[in-house]
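Colleague: Here's a structure for you.
Derivation of every value follows stated rules applied to the coordinates shown; laboratory data play no part. Bear in mind the structure is a predicted one, so any value in this text is a computation, not a measurement. As a convention, Cβ positions derive from the backbone with ideal geometry for all residues, glycine included, and neighbour counts pool all protein chains shown.
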Amino acid sequence: MPTDPDSDAPKKKPEQYLNVRIEGKVAINEEPKAQEGAAENAEPEKRREQIAWYTRFFRWAKADPNAFFTMLATIVMAIFTGELYCVSNRQWQTMLAANQASQDALHITERPYVSIGTKDGTLIDLPTANTPLRIYFVNSGHSPAMNFKLNWFPGIGTASPSQYVYKSPGIIGSSYTHIERWKNGAGYAGVDCNGPNIAAGGTRTEFIAGMPPYLDKADKGTINSFDILGSFEYCDEFGAYHCTGFTAHYEPSIHLFVSGIDAGPVGCPNSAMSDRNPYMISLPRCPQPSEANLTGCSTPSY
């Protein structure tokens, strides 16, 4: 009868197999339990380190109170200085805003205000045998209107008066240039910025020649309408630039010029800065209070 090769090997009891399985189970579960135990042990260690830091700090403060109070005073001063800076900065900004508001209010109340016409409302006086047509401008403000410049353009209505379509009547108006200033490498060079001044409460008279033939045609009805259009500009002592368009309409029935509809064929510049110049640097059209004396322009005195 054949013999079993394993028959001579010692046989294990069932309890031994059970122990192996149990030991294997324990071995498998020991690793996560060990990790949990390490984490639990780390928390007390961290707390012990924090307590040790606090203990060392208070021991140092107790051992050297002068250094502790010096550090505490430095921290308090730093916080106080920061708060003081914030408060001072807010006060400074408030002061600047109040100062700007005060300057704006002063500008509004003290600046010149120029309008077409005299104080009694006369816009234009008709020409006589010896005097050309006269157009008036009055300054109702409290300071001079500086470097005053008038641009005008005669217009003939070719459609109904309500449409005010204009064409050139064959004569040339003013050159229609604006107050301009530029800066070159040698300093300041003012160009077309030295017009007359209109004193506070004063009136400026401008003369326009060559108008009688067109007024006569308007009186006879051979033209639909006759107007004088344009704009006037000036500076104030605060350095601000002002430009206003106008239309003066001739009314044949009363032989007077009256204020007309602003048809807008001519107008004001889009900017208070001078037009671009390829050879020079553009400056504000009006002298600024902080500038030095400018060639060809009056210097602000306010």
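Colleague: Give me the one-decimal nm value for the distance between modelled label points at Arg134 and Asn194, 7 Å along each residue's Cα-to-Cβ direction.
Modeller: Here the modelled spin labels are 2.7 nm apart.
Colleague: Based on the Cβ-Cβ distance of Ala240 and Gln91, what FRET efficiency does E = 1/(1 + (r/R0)^6) give at R0 = 41 Å, to the nearest 0.05?
Modeller: The pair Ala240/Gln91 has a calculated efficiency of 0.90.
Colleague: Rg(Cα) of region 64-108 divided by 2.2 N^0.38 Å?
Modeller: 2.07
Colleague: Which order do peptides 97-110, 219-232 fall in by mean Cβ count within 10 Å, highest first?
Modeller: 219-232, 97-110
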